[in-house]
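In what follows, a structure is listed as structure tokens, so that the remarks can point back to it.
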Amino acid sequence: MASSIIHLAVTNELIKHYAFKDENRLKFGAILPDAGKGKAGHLNKYIWGRNKKSYDFELFRDKFGELMRQDDLYLGYYLHLVQDICYRHFVYDKYHWNPMIPGNVEKLHKDYSIINYYVIEKYDLRNDIVAPKDFESEPINDLCVYDVNWLMESMDGYFKIVEGDIFFFTREMADEYIAEAAELCLKELNAFINGGKLLDSYDNAWDNRTYLAL
């Protein structure tokens, strides 16, 4: 999955092209899945036994479709999932990332910490997201338990400079992915608003026997 900072960068790009109702709730929703305990926050589901896995786009739309039209927190959350499936195709299919080599996942996460500040500066990000008051009463809590305090503290850390050498996920790849993810999100937004074909969990399933780490 992409880092929270990269999700924010994609979201900032979307704001340039789409008139959202509440940018703070949109941005909070765009990073909220990362605060879900376990993997429930990303709506992972098995397909064809346990051979394939996907994000359950249909479940989210069925459960929160009306809220997605009214409340940007839910729209931002859904677009996070859209960005994640884009990221899987980008990293695994386009750049042939292999998470099964020992140490590769940890090195990728270190790459995130190194390029975060580059992304923050280039996409004019601000550490100004505020968690909604009375978040515990939000319907999104039906999905899983969220550690919002951890999320807010983590965001503070992401905005600090980290030195080091890039292993795999370069600055150029970050720019390329952000552009592709924004394009896919805008396409999905258009389909959602205007009744077009939306992302399908089955069409975007990945081989669970190969890609186990991210």
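Please tell me the relative contact order of the chain in percent, rounded to the nearest whole number, where contacts are Cα pairs under 8 Å and at least six residues apart.
Working: 260 pairs, mean separation 74.8, N = 214.
Worked out over the chain, it gives 35 percent.
Once you sort the root eigenvalues of the Cα gyration tensor of the chain as a ≥ b ≥ c, which label holds: rounded (a/c under 1.5), prolate (a/b larger than b/c) or oblate (the other case)? Cα axes put the chain in the rounded bin.
Our coupling estimate for segment 95-105, obtained by passing each phi through the Karplus curve with A = 6.51, B = -1.76, C = 1.60 and θ = phi - 60°, is 10, 6, 5, 10, x, 7, 6, x, x, 5, 5 Hz, Gly and Pro reported as x. Averaging Cα coordinates gives a centre for segment 7-34 and one for segment 135-167; these two points are 15 Å apart.
So how do I85, I47 line up by other beta-carbon neighbours within 10 Å, fewest first?
Details: I85 22, I47 16.
Ordered by Cβ neighbours within 10 Å, fewest first: I47, I85.
Take I161, I6 and order them by how many other Cβ atoms sit within 10 Å, fewest up front.
The fewest-first ordering by Cβ neighbours comes to I161, I6.
Length gained on full extension, D175 to N24: 52.1 nm, using 0.36 nm per residue less the C-alpha separation.
Of the candidates S113, S54, S154, which one comes out as most mobile in a Gaussian network treatment of the chain with C-alpha springs shorter than 10 Å? Judging by the Gaussian network model, the answer is S154.
Phi angles of segment 126-139 translate, via the Karplus equation with coefficients 6.51, -1.76, 1.60 and θ = phi - 60°, into HN-Hα couplings of 10, 8, 10, 6, 10, 5, x, 5, 6, 4, 4, 8, 5, x Hz per residue; Gly and Pro are given as x. Within the straight-line cut-off of under 25 Å between alpha carbons, the lysines reachable from K39 are K27, K52, K53, K63, K94, K107, K110, K133, sequence neighbours fewer than 8 places apart in one chain being disregarded. Model label sites at R69 and D156, defined 7 Å from Cα along the beta-carbon direction, differ in position by 4.1 nm. So if we plug the beta-carbon distance of H109 and I193 into 1/(1 + (r/R0)^6) with R0 = 25 Å, what FRET efficiency do we get, rounded to 0.05? Here the calculated transfer efficiency is 0.10. Looking only at H89, H80, H17, which one moves most when the chain is put into a Gaussian network model with springs between Cα atoms under 10 Å? Of H89, H80, H17, the Gaussian network model singles out H17 as fluctuating most. Sorting V10, V119 from the fewest to the most surrounding beta carbons within 10 angstrom yields V119, V10. Only helices enter the 222 nm calculation for the chain: every DSSP H run of n ≥ 4 contributes -39,500 (n - 2.57), and dividing by all residues gives -16000 deg cm²/dmol, rounded to 500.
Values quoted throughout were computed directly from the atomic coordinates according to the rules given, and no laboratory measurement underlies them. In this text the structure is predicted, and so the values were computed from the model without any measurement. Neighbour counts run over all protein chains shown; Cβ positions are idealised from the backbone, glycine included.
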